[in-house]
Amino acid sequence: ERPRKYLYVLDREIVPLKMPIILGDITVIADARDEDGIEKVEFYVDNILKSTDYDEPYAWLWSEFAIGKHEIKVIAYDKEGNKAQDELKVIMFNLG
């Protein structure tokens with residue numbers, strides 16, 4: 001759900017773009033739903049696990065140093081072990 005194709009400055013959506021560009025921290029938000037409930041949502045940057053959230057809203061504050069192109073991946077697991085994932089390439093400028 002977030003980030004989308006916008007310019008973000010200090011965690012605020014500014015203008016739409018063809019690719020997300022992030023200046024400063026960003027709250028990554030996942031929209032995960034399942035009839036039987038969500039067990040957990042994992043947040044990755046460049047295939048490195050950064051955070052796991054067990055409660056709604058499923059979100060993670062990306063506040064560490066990062067410069068250049070990166071891939072955010074979110075994996076949601078339901079209570080029966082099924083999973084769904086989404087990826088998004090972003091350009092990030094954060095001095096941490």
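Below are the figures for this structure:
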{"read-out": "Hits in segment 7-37 (condition: of a type in the set (S, T, N, Q) and over 21 Å from Lys73 (Cβ atoms))", "value": "none"}
{"read-out": "Scan of segment 47-64 for residues that are in contact with a strand residue (DSSP E or B) (Cβ under 6 Å, 6 or more places away or on another chain) and of a type outside the set (A, V, I, L, M), ordered by number", "value": "Lys50, Ser51, Thr52, Asp53, Tyr54, Tyr58, Trp60, Trp62"}
{"read-out": "Qualifying positions in segment 46-73 - assigned to a strand (DSSP E or B), under 16 Å from Glu1 (Cα atoms) and not hydroxyl-bearing (Ser, Thr, Tyr)", "value": "Asp53, Ala59, Trp60, Leu61, Trp62, Glu71, Ile72, Lys73"}
{"read-out": "Residue match in segment 63-77 (condition: polar (S, T, N, Q), surrounded by 12 or more Cβ atoms within 10 Å (Cβ to Cβ) and modelled with pLDDT of 95 or more)", "value": "yes"}
{"read-out": "Sole residue being of a type in the set (Phe, Trp, Tyr) and over 10 Å from the mean Cα position of the chain (by Cα), chosen from Phe93, Phe43", "value": "Phe93"}
{"read-out": "Scan of segment 13-28 for residues that are among the β-branched types (Val, Ile, Thr) and buried (at least 17 other Cβ atoms within 10 Å of the Cβ), ordered by number", "value": "Ile21, Ile22, Ile26, Val28"}
{"read-out": "Looking only at segment 1-12, and only at residues there that are surrounded by fewer than 17 Cβ atoms within 10 Å (Cβ to Cβ) and aliphatic (A, V, I, L, M), the one that is farthest from Glu56 (Cα to Cα)", "value": "Val9"}
{"read-out": "Selection count where residues are surrounded by 18 or more Cβ atoms within 10 Å (Cβ to Cβ) and either touching a Cys at 6+ places or on another chain (Cβ under 6 Å) or β-branched (Val, Ile, Thr) (or both), scope segment 31-62", "value": "3"}
{"read-out": "Residues located in segment 9-27, provided they are part of a strand (DSSP E or B) and within 16 Å of Lys89 (Cα to Cα)", "value": "Pro16, Ile21, Ile22, Leu23, Ile26, Thr27"}
{"read-out": "Residue within segment 32-40 that is assigned to a strand (DSSP E or B) and in contact (Cβ under 8 Å) with a residue 60 or more places away in the chain present", "value": "no"}
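The values are calculated or read from the model by the stated rules, or taken from the named source; none is laboratory data. As the structure is a computational prediction, the values presented were derived from the model and not from experiment. Neighbour counts run over all protein chains shown; Cβ positions are idealised from the backbone, glycine included.
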